[in-house]
Amino acid sequence: MSAARRSESARTSASSAPSTLPTPARNIHNVGSASFRVGTYFGVIGAIDTSDAREKSNIRGYTAAEIGVARRLAPKVSLWQLNDSIREKGVEAARVHIGWVFQDVVAAFVAEGLDPFRYGCVGFDELDKVEEYMETVPRKKMRLVPDVESAIEVVDGRPVLVQRGIERDEPVGQEHPVLNPDGSPVMVNKGRRTADGTPILEPLTHFVHEMEDVEEPRSRIVPDIDDNGERRVRGNVRPTQLLAFVLGGMVVDLGDLSARVTALEAP
């Protein structure tokens, strides 16, 4: 790396450090999930993937079977609409996307005798769903009691202090004596004295709320199971890797064809 390039990297790192989203560990955090996906990513540049040879092993070229997969997938690029978009916008307004379909990719690998899930360009994710349920929880019991409050109302253009009836929440419960660790009541002087001035000790009390059980709605994430008891899954592809796989395979295939043609044309 040149000194100029190193300086540029240093300036970029220093200037962007305060705006960097920190992570406590490497390569363990995801944005969204298969079931709860994020929407559109807006950015100035695309994602940066690790590509340093020092962090890779078993770097190699294509096998004949892998070239066969690329040859099968090259004409399989298709145009399609997302079902969610059709439901939301209608078939006329839903945008048309371009790319490969998961099932076609899997079929191409299988046809060449390869396990598609050994390759990072194709995979599937198990799905979850949000389940609503009710949970019984204890809560302090309250009751409505009538009360009166003062308020200022404007009557005939003049502010008038009025009393009006309201209802307010009042906790339900009762006072209980506070006990010492040995079970005896805690005695305190509340300001009262006998005729000769001796302080009168009285039990210290504390208000204890009456509790009641109530049903409250809750939600939790659980596995999404179909009618046959199987976990639902969603197929996916990594477009950049799949594009590189198909393009690279076709380049190698074209090179082989070109070499054969050259050999046939040789005098």
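The values are calculated or read from the model by the stated rules, or taken from the named source; none is laboratory data. Keep in mind the model is a prediction, meaning the values are calculated, not measured. Because the Cβ atoms are built from the backbone with ideal geometry, glycine has one as well, and the counts that use them run over all protein chains shown.
Of all residues in the range 232-267, those satisfying the criterion of being closer than 30 Å to Glu131 by Cα and either in a helix (DSSP H, G or I) or in contact with a Leu (Cβ under 7 Å, 6 or more places away or on another chain) (or both) are Arg232, Val233, Arg234. Any residue in the range 101-116 that's touching a residue at least 60 places away in the same chain (Cβ under 8 Å): show its pairings with residues that are part of a helix (DSSP H, G or I) and of a type in the set (Lys, Arg) at Cβ separation under 8 Å, as long as the two are six or more apart or on different chains. Qualifying pairs under 8 Å: Val105/Lys76. For the range 134-173, the tally of residues that are in a strand (DSSP E or B) and closer than 30 Å to Arg218 by Cβ stands at 16. Which one of these is outside the structural domain of Glu66 (by TED's automatic domain parsing) and at pLDDT below 95: Asp196, Asp253? One residue alone meets the criteria, Asp196.
Across the range 150-206, what is the number of residues that are exposed (fewer than 11 other Cβ atoms within 10 Å of the Cβ), touching an Asp or Glu at 6+ places or on another chain (Cβ under 9 Å) and small (Gly, Ala, Ser)? Matching residues across the range 150-206 total 1.
Could you pull out the residue among Glu149, Glu170 that is charged (D, E, K, R), under 27 Å from Val208 (Cβ atoms) and either modelled with pLDDT under 95 or not assigned by TED's automatic domain parsing to the domain that holds Glu66 (or both)?
Glu170 is the lone residue from the list that is charged (D, E, K, R), under 27 Å from Val208 (Cβ atoms) and either modelled with pLDDT under 95 or not assigned by TED's automatic domain parsing to the domain that holds Glu66 (or both).
Gly120 passes every criterion in (1) under 30 Å from Val222 (Cβ atoms); (2) touching a helix residue (DSSP H, G or I) at 6+ places or on another chain (Cβ under 8 Å); (3) surrounded by 12 or more Cβ atoms within 10 Å (Cβ to Cβ) apart from (3).
Against the numbered list (1) surrounded by 10 or more Cβ atoms within 10 Å (Cβ to Cβ); (2) farther than 30 Å from Pro138 by Cα, Glu265 comes up short only at (1). From the list Glu132, Glu92, the lone residue that is loosely packed, with under 13 Cβ neighbours inside 10 Å and within 24 Å of the chain's Cα centre (by Cα) is Glu132.
Residues that are part of a loop (DSSP other than H, G, I, E, B) and either among the aliphatic types (A, V, I, L, M) or over 26 Å from the mean Cα position of the chain (by Cα) (or both) within the range 194-226 comprise Thr194, Ala195, Asp196, Gly197, Thr198, Leu204, Glu210, listed in sequence order.
Does Val91 satisfy being closer than 18 Å to Leu242 by Cα, outside any strand (DSSP E or B) and either among the aliphatic types (A, V, I, L, M) or in contact (Cβ under 8 Å) with a residue 60 or more places away in the chain (or both)? So Val91 fails the test. It is to be established whether one or more residues within the range 67-88 are touching a helix residue (DSSP H, G or I) at 6+ places or on another chain (Cβ under 6 Å) and assigned to a loop (DSSP other than H, G, I, E, B). Scanning the range 67-88 turns up no residue that is touching a helix residue (DSSP H, G or I) at 6+ places or on another chain (Cβ under 6 Å) and assigned to a loop (DSSP other than H, G, I, E, B). Filtering the range 46-87 to residues that are surrounded by 14 or more Cβ atoms within 10 Å (Cβ to Cβ) and either in contact with a Pro (Cβ under 7 Å, 6 or more places away or on another chain) or touching a residue at least 40 places away in the same chain (Cβ under 8 Å) (or both) leaves Tyr62, Glu66, Ile67, Gly68, Val69, Ala70, Arg71, Arg72, Leu73, Ala74. Scanning the range 175-193 finds no residues that are assigned to a strand (DSSP E or B), in the same structural domain as Val145 (by TED's automatic domain parsing) and within 30 Å of Ile152 (Cβ to Cβ).
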